[in-house]
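The values are calculated or read from the model by the stated rules, or taken from the named source; none is laboratory data. Owing to the predicted nature of the structure, the values given are computational and were not obtained by experimental measurement. All Cβ positions, even for glycine, are placed from backbone atoms using ideal geometry, and neighbour counts span all protein chains on display. Surface areas here come from the heavy atoms of the whole protein model, side chains and all, with no ligands, DNA or RNA. Shrake-Rupley method; radii C 1.70, N 1.55, O 1.52, S 1.80 Å.
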Amino acid sequence: MAFNIWLAGGKAIRFGTGYGNPVSEVDGIVIGGGDDISPDLYAGEIIASARLDPNRDALEKGLVLEALDREMPVLGVCRGSQMINVALGGTLDQDAYGTYATSQHVRTILPRKAVCPVAGSRLEEIAGAGEMVVNALHSQAVARLAADLRVCARDPGGMIQAIERTRDPFALGVQWHPEHLFYAHRQRALFRAIVTAARAYRSRRAQIAAVDAEHSA
């Protein structure tokens, strides 16, 4: 993550349980991948295969809510995308590939899975139109969307693969791991977008407008 943020012109500071996590000292938040989010956060039922980390759940939900309360941009990656949705009141499908039986089920950091940005979405504006081939390490996916979020990518089986906020502050969540695909310009564009939004936040400018301006130039 730090390398990708550096490539985009930013500097990363590591947050985590046991760290000070000074949100007031940063201009944007990136929530990365990891264990499943506890269904306790969205009134779901725990399934036997779930790997849970309640301390991390509490930390990251708090970070998302504090960031958005401060009007600070957020990028979510895999679990991080799911956490944006859960923190804002949405739910998850704990057995996503059981629900979407025709979705390609791969588990690899290599690009093996097709996803399709929604036409007219901000993701399409940032990363370009047309199918992308990405990696996949998840077993869960976004189910019911939270307020102010919209779907901006699905896979050919219909599973939600990316979400975005419809108004400032900027927030984007992708189900795959673009940090492992730093050699692909469409994936580096996601990190450029969060860095652009963070700069806009620092200078008290509209974030989505700044991202739009960069990618329409």
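Using only helices, what value at 222 nm comes out for the chain when you add -39,500 (n - 2.57) per DSSP H run of length 4 or more and divide by the total residues, to the nearest 500 deg cm²/dmol? Estimated from H runs of four or more residues: -9500 deg cm²/dmol.
Placing a label point 7 Å from the Cα of Ile109 along the Cα-to-Cβ direction, the residues of the stretch 165-183 whose backbone N falls under 11 Å of that point are 179-182.
Over the stretch 68-115, the alpha carbon radius of gyration divided by the compact-protein estimate 2.2 N^0.38 Å works out to 1.44. Within the accessible surface of the chain, defined with a 1.4 Å probe on protein heavy atoms only, the carbon and sulfur portion equals 51 percent.
Here the chain carries DSSP beta bridges of which approximately 65% are antiparallel, counting only pairs with both residues inside. Per residue, the solvent-accessible area of the stretch 162-202 (1.4 Å probe, heavy atoms of protein chains only, all protein chains present) comes to 34 Å².
Name the shape class, rounded, prolate or oblate, that the alpha-carbon gyration tensor gives for the stretch 124-217, where a ≥ b ≥ c are the square roots of its eigenvalues, rounded holds for a/c under 1.5, and otherwise prolate holds if a/b is larger than b/c and oblate otherwise. Judged from the Cα gyration tensor, the stretch 124-217 comes out oblate (a/c at least 1.5, b/c at or above a/b).
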